[in-house]
Structure formats: C-alpha cells, structure tokens
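Undergrad: Below is the structure I would like to discuss, written out as structure tokens.
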Amino acid sequence: MTAAIATAPVRAAITRDRWHRYTHAGIVYPGVTSIIKIIDKSDALMAWASRNTAEAALAQLDHLVSLRDTVGPEGVIKALTARSSWKRDEAASIGSDIHGYAERIARGEPFAVLSGPIMARVEAYREWWASSGWRLRLAEALVVNPTVGYGGTLDLLAYDETGRTVLADVKTGQNLYADSIRLQLAAYGDADLIAPQGGPKAWPMPQVERYVVLHVTEEGVRIVDVPVGGPDRQAFVSAVLLSAWHGGCKGTRL
C-alpha cells in the first residue's frame, strides 16, 4: 500500500457503514453515489420499466386470463409490474458480483471456476486485465474530501500501459450515462484522501492523469475514456449542495 501511493500517511482511517456513509477524523460524510442520485433519470427509468412490464405481459400472454381468474386484476397488475423490481435487483446483483471478481483479478487472487450468467463477463475481464499492461495501485478503495464534504469507494486506481495514473470505474449495465459517470469520476479524482478498506491510515490522493470506464459485457471489456474537466468538478460540488438541501426539505410540508 505505502509503495503504491508513496506519500506520507495521515493518522485517521476512513471507514464506511452499511448506509454507505464515510467517516474520517470523527466526521461523517455522504457518499458520492447517494449524492448523484439527485440527478433525474426518470425518463430513462420509466421507459425501461415500461418495457419490462410489456415483456412480462407478452411472456404470460397465454396465461393472463387464468392468472386473472386466480389472483384477480390487482394480482395480475402486481405480478407484471414486479418484473421491473426483480430485473433491477438481478442487474444490481450481477454488477456487485462482477465488481468483486474484478477486484480479485486485479489483485492476482485465485478464485473458483465460475458457472452461471456472469461467467462470460468475468472471463472477459480476466483476459482483458492479463493483456492490458495495467498495474494495480488500489482496488475498491475508500476516499474522502473533507473540504467539499463527501466520501466514496472507487473501483480501480492503476498505472495504465503507458505508466499514467488511471482512475477506472467498472460498469456492467446496458447503458452508460455520461452525466452520472462524469460526476462520479470527477468526485473520486478530486478526493483529498484515499485508503484501502480496513486500512488503519489514509494517504493523500494521487494526481489522476486519465479517467476511463471499463464497460464489462459478455462480449468483452470496452475501454471508454472520459474527458473529466472543470465543469464536471463544479457540477459535482453543486450536486453536493443540492443533495444536502434536498435532504433537509425531503418529507416536509408547507
């Protein structure tokens, strides 16, 4: 760890709780992921949910009448609309599993031969990492920025094939949303401190020279360079303020 960062450590560690809040030197900070949820993605999510409901209806087309007779109209509606929830949960589970395997691959840790729906993606990532020329600095590391007031967990900090410090975010979804990705990478790159999970100390965040998304699909790993700049950093600071304001107003009535 110390060789990877090569700067003097700070005394206080960084910790994360189950609500993804980050604590450093006794101060609790909200997480990057929670902050950028302030961005409205309702249009895309509504279209996705509608499509999943329509697909569920088509899949059960021959059984809808008997299903209605068994559970009633409300039961049919609940069964069809629930598809969006389990599809979302399934996608989240796949993403979480692949992140875990990606961390172990980068660390060179062995794991059992996989089976099931994520096998192709994990093998694609393993093959890509072996041939990438990248060298690990930290994986799944905790960061905080006490000045702006946030914390987070970055996926991968590495040296790329040219020796540049690269900050990478692993994505497994079908679509990549530029707004949230650029905010996320800007936030991690602008952190003041970084630490391994469970580590007793934090280190100053290294200067990031390249930002990328590693889009992991069954077909392989697509590297997408992301041009993170000043407007992205300013927008994230605004998102921190807006998220804090929204949290203070949420649930109140005039």
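The values are calculated or read from the model by the stated rules, or taken from the named source; none is laboratory data. Just so it is clear, the model here is predicted, and its values are computed rather than measured. Every residue, glycine as well, gets a Cβ built from its backbone with ideal geometry; the counts of neighbours run over all protein chains shown.
Undergrad: If you take just the helices (runs of 4 or more DSSP H) that sit entirely in the stretch 13-131, which of them hold at least 1 residues that are buried (at least 16 other Cβ atoms within 10 Å of the Cβ) and at pLDDT below 70? Lay out the reasoning, then the answer.
TA: On the way: elements: 32-36, 42-59, 64-107.
Here the list reads 42-59, 64-107.
Undergrad: With the requirement that a residue be out of contact with any Lys or Arg (no Cβ under 8 Å at 6 or more places or on another chain), without any contact (Cβ under 8 Å) to a residue 60 or more places away in the chain, within 19 Å of residue 206 (Cβ to Cβ) and surrounded by fewer than 18 Cβ atoms within 10 Å (Cβ to Cβ), what does the stretch 141-175 give you?
TA: 147, 161, 162, 163 - these are the residues of the stretch 141-175 that are out of contact with any Lys or Arg (no Cβ under 8 Å at 6 or more places or on another chain), without any contact (Cβ under 8 Å) to a residue 60 or more places away in the chain, within 19 Å of residue 206 (Cβ to Cβ) and surrounded by fewer than 18 Cβ atoms within 10 Å (Cβ to Cβ).
Undergrad: Can you tell me which residue within the stretch 231-254, out of those that are closer than 17 Å to residue 32 by Cα and charged (D, E, K, R), is surrounded by the most Cβ atoms within 10 Å (Cβ to Cβ)?
TA: The qualifying residue surrounded by the most Cβ atoms within 10 Å (Cβ to Cβ) is 232.
Undergrad: Kindly evaluate residue 179 against the criterion of being loosely packed, with under 15 Cβ neighbours inside 10 Å, among the acidic types (Asp, Glu) and under 17 Å from the mean Cα position of the chain (by Cα). Outline the logic, then answer.
TA: Details: loosely packed, with under 15 Cβ neighbours inside 10 Å: yes; among the acidic types (Asp, Glu): yes; under 17 Å from the mean Cα position of the chain (by Cα): yes.
Spelling it out, residue 179 is indeed loosely packed, with under 15 Cβ neighbours inside 10 Å, among the acidic types (Asp, Glu) and under 17 Å from the mean Cα position of the chain (by Cα).
Undergrad: In addition: Which of the residues that make up the stretch 227-238 are part of a helix (DSSP H, G or I), under 12 Å from residue 186 (Cα atoms) and not aromatic (Phe, Trp, Tyr)? Outline the logic, then answer.
TA: Step one: of the stretch 227-238, the residues part of a helix (DSSP H, G or I) are 230-238.
From what's left, under 12 Å from residue 186 (Cα atoms): 230-237.
Result: 230, 231, 232, 233, 234, 235, 237.
Undergrad: For the stretch 216-230, state whether one or more residues are out of contact with any helix residue (DSSP H, G or I) (no Cβ under 8 Å at 6 or more places or on another chain), closer than 21 Å to residue 34 by Cα and free of Cβ contacts under 8 Å to residues at least 60 places away in the same chain.
TA: no
Undergrad: Here is a check on your reading of the model: is residue 136 modelled with pLDDT of 95 or more, under 15 Å from residue 103 (Cβ atoms), in contact with a strand residue (DSSP E or B) (Cβ under 7 Å, 6 or more places away or on another chain) and of a type in the set (A, V, I, L, M)?
TA: Numbers: modelled with pLDDT of 95 or more: yes; under 15 Å from residue 103 (Cβ atoms): yes; in contact with a strand residue (DSSP E or B) (Cβ under 7 Å, 6 or more places away or on another chain): yes; of a type in the set (A, V, I, L, M): yes.
It is true that residue 136 is modelled with pLDDT of 95 or more, under 15 Å from residue 103 (Cβ atoms), in contact with a strand residue (DSSP E or B) (Cβ under 7 Å, 6 or more places away or on another chain) and of a type in the set (A, V, I, L, M).
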